[in-house]
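Worksheet: the structure to be examined is printed underneath.
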Amino acid sequence: MVVFGTLTVVGIVLGAVGSAVARRLSNPVARYRQLYLGVVLPFALLSYIVFRLLGLGYAMIGGQAGVAGTMLATFAELLAAGVVGLAAYAPTVPGVRSVRDIELSTSRALVRMGRYIFGLSVLVTVVVAPLETGLSPFVLLAVVAGLVVAGQAATPWLIPLVRSVDTPAESTAETLERLQDRSGLTVRDVRIFDTEQERTANVTVRGLPGYRRLFVTSTFLDTFDDETATALLAVQAGRQHARVLSRVIGGLLLALVPLFVALADIGPLWPLAGVSLGLIIVSLWVARRGVRAADDYAAERVGPTVVAAALERYAAVHNMEPSRRRFANPFSKSPPLGNRIDRLREQAEAT
(Lines give C-alpha, C1' and ligand atoms only; values in the text may rest on other atoms or scores of the structure.)
Protein backbone atom coordinates (compact mmCIF):
# COMPACT_ATOMS: atom_id res chain seq x y z
CA MET A 1 0.00 0.00 0.00
CA VAL A 2 2.97 2.30 0.56
CA VAL A 3 4.09 1.60 -2.99
CA PHE A 4 0.56 2.23 -4.25
CA GLY A 5 0.44 5.58 -2.45
CA THR A 6 3.89 6.52 -3.70
CA LEU A 7 3.04 5.71 -7.31
CA THR A 8 -0.21 7.67 -7.01
CA VAL A 9 1.64 10.75 -5.78
CA VAL A 10 4.27 10.37 -8.49
CA GLY A 11 1.47 10.06 -11.05
CA ILE A 12 -0.11 13.32 -9.87
CA VAL A 13 3.24 15.12 -10.12
CA LEU A 14 3.93 13.55 -13.52
CA GLY A 15 0.56 14.64 -14.86
CA ALA A 16 0.91 18.17 -13.48
CA VAL A 17 4.40 18.66 -14.92
CA GLY A 18 3.45 17.09 -18.25
CA SER A 19 0.38 19.31 -18.49
CA ALA A 20 2.40 22.44 -17.75
CA VAL A 21 4.86 21.53 -20.52
CA ALA A 22 2.18 20.54 -23.06
CA ARG A 23 0.31 23.84 -22.61
CA ARG A 24 3.43 25.80 -23.57
CA LEU A 25 4.29 23.84 -26.71
CA SER A 26 3.00 24.44 -30.22
CA ASN A 27 -0.12 22.46 -31.15
CA PRO A 28 -0.92 21.73 -27.48
CA VAL A 29 -3.95 19.51 -28.21
CA ALA A 30 -1.74 17.06 -30.08
CA ARG A 31 0.85 17.33 -27.31
CA TYR A 32 -1.74 16.30 -24.74
CA ARG A 33 -2.53 13.21 -26.80
CA GLN A 34 1.17 12.42 -26.88
CA LEU A 35 1.32 12.97 -23.13
CA TYR A 36 -1.44 10.42 -22.56
CA LEU A 37 0.00 7.83 -24.94
CA GLY A 38 3.68 8.42 -24.22
CA VAL A 39 3.70 9.15 -20.47
CA VAL A 40 0.44 8.49 -18.60
CA LEU A 41 -0.35 5.13 -20.23
CA PRO A 42 3.21 3.73 -19.91
CA PHE A 43 3.32 4.89 -16.28
CA ALA A 44 0.06 3.05 -15.57
CA LEU A 45 1.45 -0.08 -17.26
CA LEU A 46 4.66 0.22 -15.22
CA SER A 47 2.54 0.47 -12.07
CA TYR A 48 0.70 -2.71 -13.06
CA ILE A 49 4.02 -4.54 -13.48
CA VAL A 50 5.16 -3.34 -10.05
CA PHE A 51 1.89 -4.48 -8.46
CA ARG A 52 2.25 -7.86 -10.15
CA LEU A 53 5.78 -8.29 -8.85
CA LEU A 54 4.66 -7.37 -5.34
CA GLY A 55 1.64 -9.67 -5.48
CA LEU A 56 -0.67 -6.80 -4.54
CA GLY A 57 -3.77 -8.52 -5.90
CA TYR A 58 -3.32 -11.69 -3.84
CA ALA A 59 -2.53 -9.60 -0.76
CA MET A 60 -5.79 -7.67 -1.22
CA ILE A 61 -7.92 -10.82 -1.53
CA GLY A 62 -6.20 -12.66 1.29
CA GLY A 63 -4.19 -15.09 -0.84
CA GLN A 64 -7.22 -16.92 -2.22
CA ALA A 65 -6.17 -19.63 -4.72
CA GLY A 66 -7.91 -21.16 -7.72
CA VAL A 67 -9.35 -19.67 -10.87
CA ALA A 68 -11.59 -17.26 -8.97
CA GLY A 69 -8.67 -16.08 -6.84
CA THR A 70 -6.52 -15.55 -9.91
CA MET A 71 -9.17 -13.46 -11.62
CA LEU A 72 -9.85 -11.37 -8.51
CA ALA A 73 -6.14 -10.75 -7.95
CA THR A 74 -5.60 -9.79 -11.59
CA PHE A 75 -8.60 -7.46 -11.52
CA ALA A 76 -7.39 -5.82 -8.29
CA GLU A 77 -3.94 -5.19 -9.76
CA LEU A 78 -5.36 -3.81 -13.00
CA LEU A 79 -7.76 -1.56 -11.14
CA ALA A 80 -4.99 -0.30 -8.86
CA ALA A 81 -2.86 0.54 -11.88
CA GLY A 82 -5.89 2.25 -13.42
CA VAL A 83 -6.29 4.40 -10.30
CA VAL A 84 -2.64 5.43 -10.60
CA GLY A 85 -3.25 6.34 -14.23
CA LEU A 86 -6.37 8.25 -13.21
CA ALA A 87 -4.31 10.19 -10.68
CA ALA A 88 -1.86 11.14 -13.43
CA TYR A 89 -4.73 12.11 -15.72
CA ALA A 90 -6.51 14.36 -13.20
CA PRO A 91 -4.05 17.32 -13.29
CA THR A 92 -4.23 17.43 -17.09
CA VAL A 93 -7.97 18.13 -17.26
CA PRO A 94 -7.71 21.87 -16.46
CA GLY A 95 -5.00 22.20 -19.11
CA VAL A 96 -7.11 20.47 -21.75
CA ARG A 97 -10.05 22.64 -20.73
CA SER A 98 -7.91 25.72 -21.29
CA VAL A 99 -6.27 24.87 -24.62
CA ARG A 100 -9.54 23.63 -26.13
CA ASP A 101 -11.66 26.39 -24.55
CA ILE A 102 -14.31 23.97 -23.31
CA GLU A 103 -16.37 23.74 -20.11
CA LEU A 104 -15.39 20.22 -19.09
CA SER A 105 -15.47 19.90 -15.31
CA THR A 106 -12.71 17.88 -13.68
CA SER A 107 -15.21 15.78 -11.71
CA ARG A 108 -17.16 14.85 -14.86
CA ALA A 109 -13.95 13.93 -16.70
CA LEU A 110 -12.74 11.77 -13.80
CA VAL A 111 -16.07 9.98 -13.44
CA ARG A 112 -16.15 9.14 -17.13
CA MET A 113 -12.52 8.04 -17.18
CA GLY A 114 -13.01 6.04 -14.00
CA ARG A 115 -15.96 4.22 -15.49
CA TYR A 116 -13.89 3.45 -18.57
CA ILE A 117 -10.98 2.17 -16.46
CA PHE A 118 -13.28 -0.10 -14.46
CA GLY A 119 -14.81 -1.62 -17.58
CA LEU A 120 -11.42 -2.02 -19.25
CA SER A 121 -10.04 -3.72 -16.14
CA VAL A 122 -12.84 -6.27 -16.31
CA LEU A 123 -12.21 -6.97 -20.01
CA VAL A 124 -8.42 -7.25 -19.63
CA THR A 125 -8.86 -9.55 -16.63
CA VAL A 126 -10.81 -11.96 -18.82
CA VAL A 127 -7.90 -11.99 -21.29
CA VAL A 128 -4.98 -12.01 -18.84
CA ALA A 129 -6.24 -14.43 -16.19
CA PRO A 130 -6.10 -17.51 -18.49
CA LEU A 131 -2.33 -16.96 -18.79
CA GLU A 132 -1.94 -18.18 -15.20
CA THR A 133 -4.09 -21.28 -15.42
CA GLY A 134 -1.27 -23.65 -16.40
CA LEU A 135 -2.49 -24.31 -19.95
CA SER A 136 0.06 -25.00 -22.68
CA PRO A 137 1.33 -21.89 -24.55
CA PHE A 138 -0.43 -22.84 -27.79
CA VAL A 139 -3.73 -23.45 -26.03
CA LEU A 140 -3.31 -20.10 -24.29
CA LEU A 141 -2.67 -18.44 -27.65
CA ALA A 142 -5.88 -19.93 -29.00
CA VAL A 143 -7.77 -18.78 -25.90
CA VAL A 144 -6.40 -15.23 -26.17
CA ALA A 145 -7.19 -15.06 -29.89
CA GLY A 146 -10.71 -16.34 -29.26
CA LEU A 147 -11.29 -13.82 -26.50
CA VAL A 148 -10.04 -10.94 -28.64
CA VAL A 149 -12.29 -11.91 -31.55
CA ALA A 150 -15.24 -12.41 -29.20
CA GLY A 151 -14.52 -9.03 -27.65
CA GLN A 152 -14.62 -7.35 -31.05
CA ALA A 153 -17.90 -9.06 -31.86
CA ALA A 154 -19.35 -7.90 -28.54
CA THR A 155 -18.02 -4.32 -28.76
CA PRO A 156 -21.38 -2.82 -29.83
CA TRP A 157 -22.79 -4.00 -26.49
CA LEU A 158 -19.67 -3.51 -24.38
CA ILE A 159 -19.18 0.18 -25.17
CA PRO A 160 -22.55 1.18 -23.65
CA LEU A 161 -21.43 -0.53 -20.43
CA VAL A 162 -18.49 1.85 -19.98
CA ARG A 163 -20.00 4.98 -21.55
CA SER A 164 -23.47 6.50 -21.45
CA VAL A 165 -25.22 6.37 -24.81
CA ASP A 166 -28.58 7.52 -26.13
CA THR A 167 -30.80 6.31 -28.94
CA PRO A 168 -31.19 9.05 -31.59
CA ALA A 169 -34.49 10.85 -31.97
CA GLU A 170 -36.53 10.03 -35.06
CA SER A 171 -35.48 13.17 -36.95
CA THR A 172 -31.80 12.61 -36.10
CA ALA A 173 -32.03 8.96 -37.13
CA GLU A 174 -33.52 9.96 -40.49
CA THR A 175 -30.75 12.50 -41.07
CA LEU A 176 -28.05 9.98 -40.21
CA GLU A 177 -29.63 7.36 -42.46
CA ARG A 178 -29.59 9.83 -45.35
CA LEU A 179 -25.94 10.71 -44.72
CA GLN A 180 -25.03 7.03 -44.43
CA ASP A 181 -26.58 6.30 -47.83
CA ARG A 182 -24.53 9.09 -49.39
CA SER A 183 -21.33 7.95 -47.71
CA GLY A 184 -21.74 4.24 -48.42
CA LEU A 185 -21.74 3.32 -44.74
CA THR A 186 -23.88 0.36 -43.70
CA VAL A 187 -24.71 -0.19 -40.03
CA ARG A 188 -27.53 -1.84 -38.15
CA ASP A 189 -28.21 0.92 -35.63
CA VAL A 190 -26.84 4.12 -34.10
CA ARG A 191 -26.00 5.29 -30.59
CA ILE A 192 -25.07 8.82 -29.51
CA PHE A 193 -22.51 9.94 -26.89
CA ASP A 194 -23.33 13.13 -25.01
CA THR A 195 -20.23 15.32 -25.43
CA GLU A 196 -21.69 18.75 -24.77
CA GLN A 197 -18.91 19.59 -22.31
CA GLU A 198 -16.04 17.76 -24.01
CA ARG A 199 -16.87 19.02 -27.52
CA THR A 200 -15.33 15.97 -29.18
CA ALA A 201 -16.77 15.51 -32.66
CA ASN A 202 -15.98 11.84 -33.20
CA VAL A 203 -17.59 9.00 -35.11
CA THR A 204 -16.70 5.32 -35.08
CA VAL A 205 -18.13 1.99 -36.18
CA ARG A 206 -17.77 -1.19 -34.16
CA GLY A 207 -18.91 -4.78 -34.60
CA LEU A 208 -18.60 -7.60 -37.08
CA PRO A 209 -20.28 -7.71 -40.51
CA GLY A 210 -23.98 -8.31 -40.04
CA TYR A 211 -24.15 -6.27 -36.83
CA ARG A 212 -22.20 -3.05 -36.96
CA ARG A 213 -23.17 -0.17 -34.71
CA LEU A 214 -22.40 3.48 -35.42
CA PHE A 215 -21.31 5.54 -32.42
CA VAL A 216 -21.46 9.28 -32.98
CA THR A 217 -21.02 12.15 -30.54
CA SER A 218 -23.57 14.89 -30.01
CA THR A 219 -20.89 17.45 -30.94
CA PHE A 220 -20.47 15.73 -34.31
CA LEU A 221 -24.18 16.16 -34.99
CA ASP A 222 -24.31 19.76 -33.77
CA THR A 223 -21.09 21.06 -35.35
CA PHE A 224 -20.66 19.61 -38.82
CA ASP A 225 -22.77 20.41 -41.86
CA ASP A 226 -24.11 17.61 -44.04
CA GLU A 227 -21.19 17.73 -46.48
CA THR A 228 -18.55 17.48 -43.77
CA ALA A 229 -20.45 14.80 -41.86
CA THR A 230 -20.94 12.75 -45.04
CA ALA A 231 -17.22 12.91 -45.83
CA LEU A 232 -16.24 11.76 -42.32
CA LEU A 233 -18.79 8.95 -42.46
CA ALA A 234 -17.39 7.97 -45.86
CA VAL A 235 -13.95 7.66 -44.25
CA GLN A 236 -15.50 5.26 -41.73
CA ALA A 237 -17.11 3.33 -44.57
CA GLY A 238 -13.71 3.14 -46.24
CA ARG A 239 -12.19 1.77 -43.05
CA GLN A 240 -14.79 -0.98 -43.05
CA HIS A 241 -14.07 -1.84 -46.70
CA ALA A 242 -10.31 -1.80 -46.06
CA ARG A 243 -10.77 -3.75 -42.79
CA VAL A 244 -8.41 -1.39 -40.95
CA LEU A 245 -9.31 -2.67 -37.48
CA SER A 246 -8.96 -6.28 -38.62
CA ARG A 247 -5.50 -5.46 -39.98
CA VAL A 248 -4.44 -4.06 -36.61
CA ILE A 249 -5.89 -6.89 -34.50
CA GLY A 250 -4.81 -9.64 -36.89
CA GLY A 251 -1.29 -8.24 -37.04
CA LEU A 252 -0.96 -7.97 -33.29
CA LEU A 253 -2.27 -11.51 -32.77
CA LEU A 254 0.22 -12.75 -35.37
CA ALA A 255 2.96 -10.93 -33.49
CA LEU A 256 2.08 -12.92 -30.36
CA VAL A 257 2.90 -16.23 -32.04
CA PRO A 258 6.73 -15.97 -31.69
CA LEU A 259 6.35 -15.01 -28.02
CA PHE A 260 4.18 -18.04 -27.29
CA VAL A 261 6.66 -20.21 -29.21
CA ALA A 262 9.36 -18.90 -26.87
CA LEU A 263 7.15 -19.69 -23.86
CA ALA A 264 6.89 -23.26 -25.13
CA ASP A 265 10.73 -23.46 -25.06
CA ILE A 266 10.82 -24.23 -28.78
CA GLY A 267 13.17 -21.36 -29.60
CA PRO A 268 15.37 -18.66 -28.02
CA LEU A 269 13.48 -15.85 -26.28
CA TRP A 270 15.22 -12.69 -27.47
CA PRO A 271 15.45 -13.52 -31.19
CA LEU A 272 11.78 -14.52 -31.14
CA ALA A 273 10.95 -11.28 -29.29
CA GLY A 274 12.73 -9.43 -32.10
CA VAL A 275 10.62 -11.29 -34.66
CA SER A 276 7.51 -10.31 -32.70
CA LEU A 277 8.54 -6.65 -32.71
CA GLY A 278 9.16 -6.82 -36.44
CA LEU A 279 5.71 -8.30 -37.01
CA ILE A 280 4.16 -5.48 -34.99
CA ILE A 281 5.90 -2.87 -37.13
CA VAL A 282 4.81 -4.62 -40.33
CA SER A 283 1.22 -4.95 -39.12
CA LEU A 284 1.05 -1.23 -38.30
CA TRP A 285 2.46 -0.41 -41.74
CA VAL A 286 -0.31 -2.53 -43.25
CA ALA A 287 -2.83 -0.67 -41.08
CA ARG A 288 -1.54 2.70 -42.33
CA ARG A 289 -2.03 1.53 -45.88
CA GLY A 290 -5.57 0.62 -44.92
CA VAL A 291 -6.18 4.16 -43.64
CA ARG A 292 -4.97 5.55 -46.97
CA ALA A 293 -7.27 3.13 -48.78
CA ALA A 294 -10.14 4.39 -46.61
CA ASP A 295 -9.35 7.98 -47.59
CA ASP A 296 -9.32 6.92 -51.25
CA TYR A 297 -12.73 5.29 -50.85
CA ALA A 298 -14.14 8.44 -49.29
CA ALA A 299 -12.61 10.54 -52.06
CA GLU A 300 -14.36 8.39 -54.67
CA ARG A 301 -17.69 8.84 -52.87
CA VAL A 302 -17.68 12.58 -52.24
CA GLY A 303 -14.50 13.94 -53.86
CA PRO A 304 -10.95 14.40 -52.48
CA THR A 305 -11.41 18.15 -51.92
CA VAL A 306 -14.47 17.56 -49.74
CA VAL A 307 -12.71 14.88 -47.68
CA ALA A 308 -9.63 17.08 -47.20
CA ALA A 309 -11.81 20.00 -46.11
CA ALA A 310 -13.70 17.71 -43.70
CA LEU A 311 -10.46 16.53 -42.07
CA GLU A 312 -9.31 20.14 -41.74
CA ARG A 313 -12.64 21.07 -40.18
CA TYR A 314 -12.33 18.11 -37.79
CA ALA A 315 -8.91 19.38 -36.68
CA ALA A 316 -10.22 22.94 -36.26
CA VAL A 317 -13.12 21.82 -34.06
CA HIS A 318 -10.63 20.12 -31.74
CA ASN A 319 -8.22 23.11 -31.82
CA MET A 320 -5.63 20.80 -33.30
CA GLU A 321 -3.02 21.64 -35.91
CA PRO A 322 -2.77 18.74 -38.41
CA SER A 323 0.67 17.19 -37.90
CA ARG A 324 2.99 16.29 -40.76
CA ARG A 325 5.99 13.97 -40.87
CA ARG A 326 8.46 13.19 -43.62
CA PHE A 327 8.72 9.61 -42.39
CA ALA A 328 5.81 7.81 -40.76
CA ASN A 329 6.02 6.76 -37.12
CA PRO A 330 6.54 2.96 -37.36
CA PHE A 331 4.47 2.47 -34.19
CA SER A 332 1.46 4.46 -35.39
CA LYS A 333 -1.55 2.77 -36.96
CA SER A 334 -2.51 5.91 -38.89
CA PRO A 335 -0.54 8.38 -41.04
CA PRO A 336 -0.29 11.93 -39.66
CA LEU A 337 -3.47 13.91 -40.30
CA GLY A 338 -1.63 16.64 -42.18
CA ASN A 339 -0.07 14.08 -44.53
CA ARG A 340 -3.50 12.61 -45.24
CA ILE A 341 -4.89 16.05 -46.06
CA ASP A 342 -1.95 16.88 -48.35
CA ARG A 343 -2.35 13.58 -50.17
CA LEU A 344 -6.05 14.28 -50.80
CA ARG A 345 -5.23 17.78 -52.02
CA GLU A 346 -2.73 16.32 -54.47
CA GLN A 347 -5.37 13.91 -55.75
CA ALA A 348 -7.75 16.84 -56.32
CA GLU A 349 -5.11 18.77 -58.24
CA ALA A 350 -4.27 15.71 -60.35
CA THR A 351 -7.88 15.46 -61.49
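The values are calculated or read from the model by the stated rules, or taken from the named source; none is laboratory data. None of the values given here were measured: they were computed from a predicted structure. So basically every Cβ, Gly included, is an ideal-geometry build from the backbone, and we count neighbours across all protein chains shown. Heads up: the accessible areas ignore ligands, DNA and RNA and are worked out on the full protein's heavy atoms, side chains in. Shrake-Rupley method; radii C 1.70, N 1.55, O 1.52, S 1.80 Å.
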- Of the accessible area of segment 199-342, computed with a 1.4 Å probe and all protein chains kept, carbon and sulfur make up a percent value of 58
- Area projected by the alpha carbon convex hull of segment 222-296, averaged over all directions, nm²: 6.2
- Message: Under the rule a/c < 1.5 gives rounded, and otherwise a/b versus b/c splits prolate from oblate, where does segment 1-104 land using the Cα gyration tensor?
- Response: prolate
- Note on the structure: Per the helix-only model, the chain has a calculated mean residue ellipticity at 222 nm (DSSP H runs of ≥4, -39500 (n - 2.57) each, divided over all residues, rounded to the nearest 500) of -24000 deg cm²/dmol
- Task: Once you have a ≥ b ≥ c as the square roots of the Cα gyration tensor eigenvalues for segment 195-242, tell me rounded if a/c is under 1.5, and otherwise prolate or oblate according to whether a/b is larger than b/c.
- Result: oblate
- Task: With the Cα gyration tensor of the chain in hand, convert its eigenvalues to equivalent ellipsoid semi-axes via √(5λ) and list them largest first in whole Å.
- Result: 35, 25, 21
- Spherically averaged projected area of segment 150-253 from its Cα convex hull (nm²): 6.8
- Relative to the present Cα-Cα distance, how much length would full extension add between residue 253 and residue 326 at 0.36 nm per residue of separation? 23.4 nm
- Message: Among 209, 245, 140, which residue has its Cα furthest toward the positive end of the charge dipole of segment 103-255, with +1 on Lys/Arg Cβ and -1 on Asp/Glu Cβ?
- Response: 140
- So how far apart, in nm, are the two label points at residue 300 and residue 171 if each is 7 Å from Cα heading toward Cβ? 3.6
- Item | Gained length - residue 286 relative to residue 120, 0.36 nm times residue gap less alpha-carbon distance | 57.1 nm
- Item | Average accessible surface area per residue within the chain, 1.4 Å rolling probe, Å² | 51
- Using a 1.4 angstrom probe with every protein chain in place, what is the largest-first accessible-area order of 19, 105? 105, 19
- Note on the structure: Computed about the Cα centre, the charge dipole of the chain from +1 Lys/Arg and -1 Asp/Glu charges at the Cβ has a magnitude in debye, to the nearest 20, of 720
- Task: Using DSSP, restrict attention to beta bridges with both residues in the chain and report what percent are antiparallel, rounded to the nearest 5.
- Result: 55
- Message: Please identify the DSSP H helices in the chain that span no less than 15 Å along the helix axis (Cα) and have a mean Kyte-Doolittle hydropathy of -0.5 or more.
- Response: 2-24, 41-54, 66-89, 106-128, 137-162, 226-242, 244-263, 269-302, 304-317
- Note on the structure: Two pseudo-spin positions, 7 Å from Cα along C-beta at residue 136 and at residue 163, lie apart in nanometres by 4.1
- Message: For a quick check: with amide H placed at 1.01 Å from N, whose amide H comes under 5 Å from residue 217's, ignoring anything fewer than 5 positions away on the same chain?
- Response: 193, 202
- Query: What figure in square angstrom, to the nearest 10, would you give for the accessible area of residue 75 with a 1.4 Å probe?
  - Reply: 50
